[in-house]
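Just below is one structure, and these are the notes that go with it.
The values are calculated or read from the model by the stated rules, or taken from the named source; none is laboratory data. Bear in mind that the values here come from a model prediction, so they are computed numbers and not experimental data. Neighbour counts run over all protein chains shown; Cβ positions are idealised from the backbone, glycine included.
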Amino acid sequence: MAAFGVHFGTTSACLAVYKDGKTDVVANDLGDRTTPCVVAYTDLDQTVGAAAKQGSIRNTQNTISFVKRVLGRPWEDPVTQEYISKSPVKIENRNGGLVYVVDFKEKMIDATPVDVATAIYKQMKETANSHGDGDIHDSVLAVPSQFSEEQRKVFGECASKAGFSVLRTINEPVAALLAYDLGQMDNTLHCNVLVYRLGGDSTDVSIVQLQGGLYRILGNTCTQEVAGSKFTNVLADFLAQEFYKKYKLDIKESRRSVSKMRMATEVCKHTLSTLENAQVSIDSLHEGVDFHSSVSRARFESLCGNLVQKCVALIDDVCAKSNVSSSDIEKVIVCGGGAKPPFVQKAISDYLSNAEVFNTIPPDEVIAIGAAKQAAILTGNNDNELLIGENEIECLSKTVCIKGYDANKDPVLYPIFQEMTPFPARRQEVMNLSPQQTSMEMDICECTDVENPDTAKCLAKIVMKDLPEKACISVTFHLRSEGSLHVTCREETSQIVEQVTVDVCS
């Protein structure tokens, strides 16, 4: 019986299958082991993957990319607003949600991020059909560890609509460990593992503590300042300058010319991951002029020096967040399509020279393979006795805090449970009110940055009235094992009690 692992990335998706005791990536109908997460609408039909991406040069306003950034996010989310500002596709607000307005079969239609993601999952489902058992497609999805519960839920719903039977959603760093069987063959292993995922659109670096077969994410850092697209941009800018020097023509005057250069540059970049030299040939790049050039891997590496330094700096960042010294990292997993250039992997391994580096699996296939191995265990296909799903420790993906105000009446966040706090947990606070105060309001929030109140989302508000003078309120916060937060406020003298239970992000 087959079991699938699906990794839906920002720029590409990968499908792996566990069958007959083996795990491997399933190639799509073009023979590619990853599929671009691009959906295009034309006068004839809807296309997904490579065809949609290749046609984007002539169909920019109806070609949707990077949908993962906004799936499960509300209209007012800063990430959504930034995405809207850069999107070539017309986007409108519908009842607080984002919709794309595209020209499909000669009429304008609305397409939601859910519609787009479901179309991509359907493409993956078609790929899975060649290895599945009839209509049964048991699968595990891998998502970023910082994803909210709402984002995880929406991803699962999209996959289910496409025909996958979603068994579980796991965190990408954990999937990376599963891909290399870390903690599964030896349950006495105790170490810190750094998972470096350099994706096409962003980079996530996590430190996972592995102890007795249990996984705990100690810390995570995520940025769009370093990504595979940034390496592509550097190389594309270099080639554009070469074209200008030779022909005195600036391709930036034409969006179509820029798109053609970028696509050719991506091919060149991937070639340089395996070969020392690559050729670039673009017919009619700009104003009818063809462009031919060659690039060496050494030249590409020299162009990307600053980016590589930023890659290494992220290791120090995540170590600081995790309260772990770089010397305490014993194993490193490099994954993500952006990590293919050998000089990127070398920089990471050189910086953590005492750690064992795992890079034998193609970087863009690691997470999907790990998810497939998890699916195999959940369906009973794997002989491994360690039940991974029971060994992964649930942690908060965001900080739980109380919102208050300082002397200038500016909002301030007071953390109660920090990001990555494992379930269950309990904390008690005591609040002494001023003599004249007979009521109290408490905003319970979750946030991504306690220094920035704008990142806070209110989960619940507790109001207490008719309190005695000089009231003393005992507040108990109970983070339960199933992922709910129960808050109890008790005034000690009057025994007035208010309580609330809310779901938090795991």
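General observations
- Yes/no for Phe231 being buried (at least 20 other Cβ atoms within 10 Å of the Cβ) and either out of contact with any Phe, Trp or Tyr (no Cβ under 9 Å at 6 or more places or on another chain) or more than 26 Å from Gly9 (Cα to Cα) (or both): no
- Taken residue by residue, region 262-280 has at least one member that is touching a Ser or Thr at 6+ places or on another chain (Cβ under 8 Å) and basic (Lys, Arg).
- Qualifying residue in region 290-313 (condition: among the aliphatic types (A, V, I, L, M), in contact (Cβ under 8 Å) with a residue 40 or more places away in the chain, out of contact with any helix residue (DSSP H, G or I) (no Cβ under 6 Å at 6 or more places or on another chain) and more than 21 Å from Leu235 (Cα to Cα)): no
- Per the listing Thr232, Thr271, the residue uniquely β-branched (Val, Ile, Thr), farther than 30 Å from Thr399 by Cβ and touching a helix residue (DSSP H, G or I) at 6+ places or on another chain (Cβ under 9 Å) is Thr232.
- Among the residues listed as Ser439, Ser484, the single one being of a type outside the set (Lys, Arg) and farther than 30 Å from Leu218 by Cα: Ser439
- Restricted to strands (runs of 3 or more DSSP E) entirely inside region 11-117, those with at least 2 residues that are of a type in the set (Val, Ile, Thr) and closer than 26 Å to Leu198 by Cα are 22-25, 38-41, 63-65.
- Set Tyr405, Tyr414: member being within 30 Å of Glu76 (Cα to Cα) and in contact with a Gly (Cβ under 9 Å, 6 or more places away or on another chain): Tyr414
- Highlighted here are the strands (runs of 3 or more DSSP E) found entirely within region 153-213 that include at least 2 residues which are in contact with an Asp or Glu (Cβ under 7 Å, 6 or more places away or on another chain), closer than 30 Å to Phe231 by Cβ and at pLDDT 95 or above: 190-198.
- Residue in region 68-91 that is in contact with an Asp or Glu (Cβ under 7 Å, 6 or more places away or on another chain) and among the aromatic types (Phe, Trp, Tyr) present: no
- Test: residue in region 218-225 that is assigned to a strand (DSSP E or B) and within 16 Å of Lys340 (Cβ to Cβ): no
- Residues in region 222-248 that are closer than 16 Å to Leu307 by Cβ and of a type in the set (S, T, N, Q): Thr223, Gln224, Ser229, Thr232, Asn233.
- Entry remark, region 461-499: residues being in contact with a Cys (Cβ under 9 Å, 6 or more places away or on another chain) and of a type in the set (A, V, I, L, M) number 6 in total.
- Of the strands (runs of 3 or more DSSP E) lying entirely inside region 391-506, the ones with 1 or more residues being surrounded by 15 or more Cβ atoms within 10 Å (Cβ to Cβ), of a type in the set (A, V, I, L, M) and touching a residue at least 60 places away in the same chain (Cβ under 8 Å) are found at 399-405, 411-417, 472-479, 484-491.
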